[in-house]
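Student: Below is a structure I'd like to ask you about.
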Amino acid sequence: MNCDPAPVHESLGKLPVARIQAVQNNEEAAKASYDQAGGLDSVIYLATGCRVMLNVNLWTERELVNESLGSAVGMVYPENARPPSLPLCVVVQFDGYTGLSFSRIVPRIVLIDPFKRTWFSPSGKPLSRNQISLSLAHAATVHKAQGTTLPSVVLDLGKNEFAIGLSFVGCSRVRSLSDLAFLQYFDFDRLAKLANSPVIQEKVDVANGRNQTADRTRVLNERTLHFDAQPFDNRFRHDINARRHI
């Protein structure tokens, strides 16, 4: 694929691929990473039918949130405008969206318009990036997929445990083991070694400490309720009786 910025659009086989360039207020903003720009890429590539992931929270009550998955349907441009300029919006059919669809025929259609992020450089210079808040989602890192529930997953755990807990996070993205496949073979010893990890043991100790604290708090609350209920009732009756004799 030709990544030179000159072409208006590129081609992946027979499918046209649109190259969309973000609008940035200066060169420093243009060089900023995805994370520095709050989840906005400097350049994104989109094609009809490609899988995409939303990078911002738009409507949490209707499941239109960061990491929502969907498929790109098309793009809307003003007259005489084309890629790589920003479109007015990208038309996306989201998998789990529960709000009203923009289309009367196709369900779960949402229009994603450009989203602007602003931040400051270490020297205090204001920076900004305006871009469609979508990323390609044919694959995702375990970190990015954390918190999502997916219909099926092909998981590549790699040769080493990059961070304690990543294997569990990756494996738990599906509801059933029948929906999970591994790209590479690994033996059980890899997971068994994690049980003796100091980091895991520390997490277990912290969890046990929280449980013990919760148990002690519950016992204290029960004792307090038991101590206060009857005496308060007796004091209340005593006050009423005393008032009657005034």
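Student: Here's a check for you: in segment 21-33, which residue that is touching a residue at least 40 places away in the same chain (Cβ under 8 Å) and assigned to a loop (DSSP other than H, G, I, E, B) is surrounded by the most Cβ atoms within 10 Å (Cβ to Cβ)?
Tutor: Ranking the qualifying residues of segment 21-33, first place goes to Ala22.
Student: Could I ask something else about it? So which residues in segment 38-55 are closer than 27 Å to Gly99 by Cβ and assigned to a loop (DSSP other than H, G, I, E, B), if there are any at all?
Tutor: Gly38, Gly39, Leu40, Asp41, Ala47, Thr48, Gly49, Cys50, Asn55 - these are the residues of segment 38-55 that are closer than 27 Å to Gly99 by Cβ and assigned to a loop (DSSP other than H, G, I, E, B).
Student: Mind listing just one residue for me: the one in segment 163-184 that is part of a strand (DSSP E or B) and among the aliphatic types (A, V, I, L, M) and, of those, surrounded by the fewest Cβ atoms within 10 Å (Cβ to Cβ)?
Tutor: Ala181
Student: In segment 91-136, which residue that is free of Cβ contacts under 8 Å to residues at least 40 places away in the same chain and among the hydroxyl-bearing types (Ser, Thr, Tyr) is surrounded by the most Cβ atoms within 10 Å (Cβ to Cβ)?
Tutor: Tyr97
Student: Quick check on my filter: what residues within segment 118-142 are modelled with pLDDT under 85 and touching a Leu at 6+ places or on another chain (Cβ under 8 Å)?
Tutor: The one that is modelled with pLDDT under 85 and touching a Leu at 6+ places or on another chain (Cβ under 8 Å): Val142.
Student: Against the conditions (1) of a type outside the set (Lys, Arg); (2) at pLDDT 85 or above; (3) in a loop (DSSP other than H, G, I, E, B), where does Asn160 fall short? Just the number, please.
Tutor: (2)
Student: Okay, next question. Tell me, which residue of segment 37-70 that is buried (at least 16 other Cβ atoms within 10 Å of the Cβ) and among the polar types (S, T, N, Q) is farthest from Thr141 (Cα to Cα)?
Tutor: Within segment 37-70, the match that is farthest from Thr141 (Cα to Cα) is Ser42.
Student: Give the residues of segment 137-147 that are in contact (Cβ under 8 Å) with a residue 60 or more places away in the chain and surrounded by 17 or more Cβ atoms within 10 Å (Cβ to Cβ), sorted by residue number.
Tutor: Ala137, Ala140, Ala145
Student: Within segment 119-134, does at least one residue satisfy the condition of being within 19 Å of the chain's Cα centre (by Cα) and among the β-branched types (Val, Ile, Thr)?
Tutor: Scanning segment 119-134 turns up at least one residue that is within 19 Å of the chain's Cα centre (by Cα) and among the β-branched types (Val, Ile, Thr).
Student: Of all residues in segment 56-92, count the ones that are in a strand (DSSP E or B) and among the hydroxyl-bearing types (Ser, Thr, Tyr).
Tutor: Total meeting the criteria: 1.
Student: Select from segment 153-177 the residues that are closer than 18 Å to His138 by Cβ and hydrophobic (A, V, I, L, M, F, W, C) and list them in ascending order.
Tutor: Scanning segment 153-177 gives Val153, Val154, Leu155, Val174.
Student: Working only within segment 114-157, note down all residues that are assigned to a loop (DSSP other than H, G, I, E, B) and either among the aliphatic types (A, V, I, L, M) or under 19 Å from Gln36 (Cβ atoms) (or both).
Tutor: Within segment 114-157, Ser121, Pro122, Ser123, Gly124, Lys125, Ser133, Ala137, Ala139, Ala140, Thr141, Leu150, Leu157 qualify.
The values are calculated or read from the model by the stated rules, or taken from the named source; none is laboratory data. Predicted model only: the values in this text are computed from it and were never measured. Every residue, glycine among them, receives a Cβ derived from its backbone with ideal geometry; neighbour counts consider all protein chains shown.
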